[in-house]
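The values are calculated or read from the model by the stated rules, or taken from the named source; none is laboratory data. A quick note: this is a predicted structure, and the numbers were derived from the prediction, not measured. Don't worry about glycine lacking a Cβ; one is built from the backbone with ideal geometry, like all the others, and counts go over all protein chains shown.
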Amino acid sequence: MKQEALEKIFIESFTEYGDAIFRFCMVKVSNVELAEDMTQEVFTRYWQSLRSGKEMTNTRSLLYTIANNMAKDWYKRKKATSLESHMELGYEPRDQESSPEINAAYTELIRTIDDMEENDKEVLLLKHVEGLDPKDIGEIHNESANVISVRLNRATKRLQEKLHI
Amino acid sequence: MNPEKNTQTYFEKLKRMKLRDSSRARMESSLLEYARFHAVNEGVRVGDENRSSKQVPQRTSFIASLFNVRLSSMTAALLIALMIGGGTSYAAESSLPGDLLYGVKTEINENVQSAFAFSAKAEAELQARLAEERLREAEELAARGELDAEASAEIGTRLRAHYESATENSTEATADGDAETAFKVQASLESTFRAYAGILGTLSVGKEETATSALILDMNTYANDAKEAQTTATLNIKTNTSGILNTDITIGTDGKVDETNKEELDSDTTIDANTNLDTDINTDVLDTSIKTDTSLEAKTKIGL
């Protein structure tokens with residue numbers, strides 16, 4: 001496919017799914033700047049896929065898969081270095097556009113579910129915020145829709161407990 | 001409040017979590033830049049990460065490709081003159097402003113070097129080197145007490161041109177995805193300018209040389225500009241997600257120049273990696289070897 005047409009698809013995908021991927025990354029890393037960086041990286045890898053001529057049957061699924069894999073790498077690195085302290089102290093805002101209020105609000109939101117299990121957090125986001133059904137969610141994680149449904153129930157209950165306080 | 005309502009509210013809030021407008025705009029433009037840089041394979045793209053030798057145009061004639069791509073007929077003629085010419089260009093290398101051969105050094109030799117700069121990065125590095133050469137000339141003249149108004153003016157003008165070209169070309173390299181060149185070039189220029197400003201300052205102590213002072217002033221100005229440019233380059237390196245421009249190009253050729261027909265050249269051209277330009281061109285009249293690491297030096301030996 002020609003460069004121009006591909007660019008159009010690329011930017012359209014970013015417009016449509018940018019926020020969703022951002023939220024996904026936020027759930028993973030609990031930090032606005034980092035989530036933004038990850039989001040950008042997800043889309044650069046997506047471009048590489050587009051450019052390689054791969055058939056794009058399900059863009060959304062592909063994007064989530066890329067993000068998921070990226071997060072795994074990130075976690076590996078996190079364990080290697082004592083990033084936790086680094087993260088807690090606060091990731092340096094890159095530039096002035098970083099609005100402290102928004103950062104704080106989003107971070108607060110994420111903190112609520114921060115101590116939930118990785119998979120549970122994700123599944124809640126994908127179902128209740130992004131509107132994916134268990135089958136789609138399962139595709140991203142290579143798991144069956146059943147497993148996802150069970151996880152969903154458990155996670156929802158956990159969340160209710162948290163919010164009840 | 002019932003738990004269901006709680007969770008619903010929570011999810012609603014979560015739904016509103018989005019990329020900030022400014023971030024979104026910035027990311028979109030970066031992504032587009034990235035996409036354009038790593039464009040769909042349509043032939044040669046210098047920044048192509050998956051580049052293989054198949055994607056490089058097959059050039060069978062190295063010199064002919066030079067003639068086609070980079071050289072105007074004027075420069076081509078000069079190149080030929082260089083090859084046939086004789087000791088002039090060699091002797092010119094050590095000349096200073098005011099010498100008879102200085103024109104050969106700056107207008108011919110250095111232009112030939114520029115013709116071999118195949119990328120913005122190479123040109124930027126070359127221009128930085130030439131700027132340094134101008135400064136060396138100034139120092140030499142000053143040491144001899146010969147740095148008069150005319151020489152200062154000439155050096156000043158050329159210095160400015162080299163600095164501007166180096167800046168322009170490293171900006172171009174940055175636009176192509178290589179932000180590190182800009183940083184390196186500007187950093188090296190900054191230290192060079194400051195060093196020579198100091199040297200010239202020392203050499204002109206006690207002497208009433210307004211020409212030299214003007215030159216020193218220029219150097220300090222450029223040094224400050226270069227310092228600022230490094231900050232910009234650093235920002236570019238940090239925000240550049242497209243990776244480093246892979247300007248590694250090695251072109252090795254075995255070429256013979258037929259005296260009577262310069263256009264004809266047999267060469268095997270291979271492209272792999274690392275900014276080295278290695279050519280051996282043997283002619284009946286002279287041996288010309290042009291070697292370069294990250295910059296270019298043209299040495300012409302004459303066998304008589």
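Some observations on this one:
- Being at pLDDT 85 or above and in a helix (DSSP H, G or I) is a property that holds for residue A:146.
Condition check ((1) free of Cβ contacts under 8 Å to residues at least 12 places away in the same chain; (2) in contact with a Ser or Thr (Cβ under 6 Å, 6 or more places away or on another chain); (3) part of a helix (DSSP H, G or I); (4) surrounded by fewer than 23 Cβ atoms within 10 Å (Cβ to Cβ)) across all residues:
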residue: B:159; (1), (2), (3), (4): no, no, yes, no
residue: B:178; (1), (2), (3), (4): no, no, no, no
residue: B:181; (1), (2), (3), (4): no, yes, yes, no
residue: B:189; (1), (2), (3), (4): no, no, yes, no
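- One residue stands out among those in the stretch B:1-35 that are among the aromatic types (Phe, Trp, Tyr) and free of Cβ contacts under 8 Å to residues at least 12 places away in the same chain: the one that is nearest to the other protein chains (Cβ to nearest Cβ), which is B:11.
- Scanning the stretch A:1-50 for residues that are within 16 Å of the chain's Cα centre (by Cα), within 10 Å of chain B (Cβ to nearest Cβ) and among the aromatic types (Phe, Trp, Tyr) yields A:14, A:22, A:43, A:46.
- Within the stretch A:121-143, being more than 13 Å from chain B (Cβ to nearest Cβ) and assigned to a helix (DSSP H, G or I) holds for A:134, A:135, A:136, A:137, A:138, A:139, A:140, A:141.
- Of all residue pairs spaced 6 or more apart or on separate chains, those with beta-carbon atoms under 8 Å, a first member in the stretch A:145-165 that is closer than 19 Å to residue B:14 by Cβ and a second member that is small (Gly, Ala, Ser) and surrounded by 15 or more Cβ atoms within 10 Å (Cβ to Cβ) are A:148/A:138.
- Single match in A:89, A:125, A:152, A:83 (criterion: in contact with a helix residue (DSSP H, G or I) (Cβ under 8 Å, 6 or more places away or on another chain), modelled with pLDDT under 85 and aliphatic (A, V, I, L, M)): A:83
- The one condition from (1) assigned to a helix (DSSP H, G or I); (2) of a type in the set (A, V, I, L, M, F, W, C); (3) at pLDDT 65 or above that residue B:100 does not meet is (1).
- Residue match in the stretch B:13-20 (condition: of a type outside the set (Lys, Arg), modelled with pLDDT of 85 or more, in contact with a His (Cβ under 9 Å, 6 or more places away or on another chain) and surrounded by 13 or more Cβ atoms within 10 Å (Cβ to Cβ)): yes
- Check on residue B:39, in a loop (DSSP other than H, G, I, E, B), surrounded by 11 or more Cβ atoms within 10 Å (Cβ to Cβ), out of contact with any Asp or Glu (no Cβ under 6 Å at 6 or more places or on another chain) and modelled with pLDDT of 85 or more: yes
- Any hit, the stretch B:150-166, residues being within 13 Å of the chain's Cα centre (by Cα), of a type outside the set (Asp, Glu), at pLDDT 90 or above and more than 20 Å from residue B:217 (Cβ to Cβ): yes
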